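The values are calculated or read from the model by the stated rules, or taken from the named source; none is laboratory data. From a predicted model like this one, the values you see are computed outputs, not experimental measurements. With ideal geometry, Cβ positions are generated from the backbone for all residues, glycine too; neighbour counts draw on all protein chains shown.
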Amino acid sequence: MTDPIHTVFADLEADAEEGVAEAFVRIAAGHYAATRTDDARVSTSLGPDELAARFDEPLPSKGRSLESVLARLRSDVLPDSNHLTNPRAMGHQVSAPLPAAVWTEPIVAALNQSVAVWEMSPVGTVLEARVLRWMCDLAGLGPAAGGTFTSGGTEATFTALLAARAAALPNAWAGGLGAVPPVVVHGEHAHYAVTRAVGAMGLGTDNAVSVPSRAYRMDVAALAAELDRQAERGRAVMAVVATAGSTATGSFDDLESIGKLCEERGLWLHVDGAHGASALFSEKHRGRVRGLERARSIAWDPHKMMLMPLAAGMVLVRDERDLDAAFSQRAPYLFHAREASRAWDQGPRSFQCSRRMDVLKVWVSLQRYGAEGLGAIYDCLCATARELHDLVVRRPDFEALHEPESNILCFRFTGDGSITGERLDALNLKLREEFNRSGEGWITTTLLGGRRVLRVTVMNPRTRESDVESVLDGLGRMGARLANG
Ligand SMILES: Cc1ncc(COP(=O)(O)O)c(C=O)c1O
């Protein structure tokens, strides 16, 4: 019998060959090719139980041939995954990823550098600092600014609020929060990352205070009144969180006014720009984030409007020292570099220890497409959402819920107007489910002002007016059938 170590060693060497690499990459490239036009399904018609049955098998004790593994990828994984590169995929804020960024992924994995510390990633840490500097400059944060890559917006906001906590309560890391924790004030439409951070860091979610919106943007007068109320109660405000590109409607808070208010009161402003900070690349849309430079911290996800494959997030702070204070830990096995390279170590200021060199795909994309290219893509995604809005407005059987400020639009099917209230909510929910199951397109849904609505996010530069039109036509046909059935 062959010793398994010989078999596996032989397989490892064979699999490291270029031809094998090409076989894997060909599958990924084939996926792009198959989704170039809109004649294929966008998503699976199968449910989770049917898919689970496909993979319900014992742990493989012996390795299998490469051909059989590749064949299973082709037959069992690709077809029933969501095809985000199909022009009629318009669901969540997950990108149809930029090809050069995708082809960089195998390099990130092969190099397997951990950007925790310079000695583990000599080029990666330096590149990360370079890209973060570019982003801080774009955001207008000034020469003392810095940041770190994160797994996404949730970690970025968590890290930013930890930095805000260290500024408000320098002893909190060691001594805890005391009897009366400070509060975090956020807009009604803030992403759950905010209350999750508040809960996770032990402030208690009762101390996350929500401010109402006007036209889906934080009501600045209501914010001022809330800050007055907290002052009257004698409660310290740890941070105000504004949103640049809200999850539900892609709306932008008035950062200029909110920033001024925070400056007057000496408050930490965190801007959750996970979705919308990429407007900085666009001459046309940059005005949406006017005032961003007033933030003490910013969450910004390249894996959203910069169309990176998951994952690539960033947290930026106006003063790097704030980030250093967010975590205060010793780890002699890792954080032991001498002065010269310690400045490049990101581990002490990141929630993660081992961390992928995700910056590489961002750097490659900036080299390949340039800031102008990314700006043009941002404009194109927003323009397509605007086209959908205009189509919706022209139709009697749909209602637009807002003007799109970015690439997100909420609308709903109203049919001939005879169905209202909860029945209309139920109809829209069913419409979304059945439409997605049809494979004709893929959209999402949310609750807006208590009403069930349809929601579209354009995350694919291939999506054009004809695609949004065909999705709307499909929804209209199906909606009418459901309403009559
Ligand atoms: C405004 C906003 N903030 C934060 C997040 C969370 O980002 P991530 O999923 O990258 O953690 C999202 C994701 O949808 C978002 O829309």
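Numbers at a glance
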item	result
Failed condition for Glu119, given (1) away from the ligand (no atom under 16 Å from the Cβ); (2) under 21 Å from Met306 (Cα atoms); (3) touching a residue at least 24 places away in the same chain (Cβ under 8 Å); (4) not basic (Lys, Arg)	(2)
Residue tally, condition more than 11 Å from His270 (Cβ to Cβ) and either within 16 Å of the ligand (Cβ to nearest atom) or under 14 Å from the mean Cα position of the chain (by Cα) (or both), over region 146-161	9
Residue match in region 7-25 (condition: β-branched (Val, Ile, Thr) and surrounded by 16 or more Cβ atoms within 10 Å (Cβ to Cβ))	no
Residue match in region 269-277 (condition: within 13 Å of the ligand (Cβ to nearest atom), in contact with a Leu (Cβ under 8 Å, 6 or more places away or on another chain) and small (Gly, Ala, Ser))	yes
Check on Tyr369, in a helix (DSSP H, G or I) and of a type outside the set (A, V, I, L, M)	yes
Positions within region 372-410 being within 26 Å of Asp254 (Cβ to Cβ) and assigned to a loop (DSSP other than H, G, I, E, B), in sequence order	Leu401, His402, Glu403, Pro404, Glu405, Ser406, Asn407
Test result for Val241, assigned by TED's automatic domain parsing to the domain that holds Ala193, more than 11 Å from the ligand (Cβ to nearest atom) and either buried (at least 20 other Cβ atoms within 10 Å of the Cβ) or not small (Gly, Ala, Ser) (or both)	no
Ala101 being aliphatic (A, V, I, L, M), away from the ligand (no atom under 16 Å from the Cβ) and not assigned by TED's automatic domain parsing to the domain that holds Ser438	no
Options Ala274, Ala279: the member that is in a helix (DSSP H, G or I), within 24 Å of Tyr216 (Cβ to Cβ) and not assigned by TED's automatic domain parsing to the domain that holds Cys382	Ala279
